[in-house]
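Just so it is clear, none of the values below were taken in a lab; they were calculated from the coordinates. Everything quoted here is computed from the prediction, not taken from an experiment. With ideal geometry, Cβ positions are generated from the backbone for all residues, glycine too; neighbour counts draw on all protein chains shown.
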Amino acid sequence: MFDMDGDVGSVTVITTENRGMNAEEWAEAAVQRIVSVSMDTPMPIREQAFAFREQVKTILIHYFSKVARSERVTIRALLEKEGYFDLAKKMEVI
């Protein structure tokens, strides 16, 4: 169903300078959306929720890093297939 009020929900803008976002920054952005903790939540439960949020963030960082590495391997393979061996070699250090 469409929201006819024109409400788009909350919008977050994250910027970087001269680079894309890294795994940690993506994980932080994702975990803020995945695990929401109300300031009205009683303290012991809030502490547990924040600890859970950190666990989720650690898992996301791990897998986001794997995705980035895998993507570089794929790009390197495509470059080598097309004969761009020098460029493909540079993908190792990125």
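Numbers at a glance
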item	result
For the chain, size of Cβ-based charge dipole, Lys and Arg +1, Asp and Glu -1, in debye	540
Positive-end residue of 51, 83, 67, charge dipole of the chain with Cβ unit charges	83
Estimated 222 nm signal from helices in the chain, with DSSP H stretches of n ≥ 4 weighted -39500 (n - 2.57), rounded to 500	-20500 deg cm²/dmol
Normalised per residue, the volume of the convex hull around the Cα set of the chain (Å³)	181
Length-normalised contact order of the chain in % [C-alpha pairs under 8 Å, at least 6 apart]	24
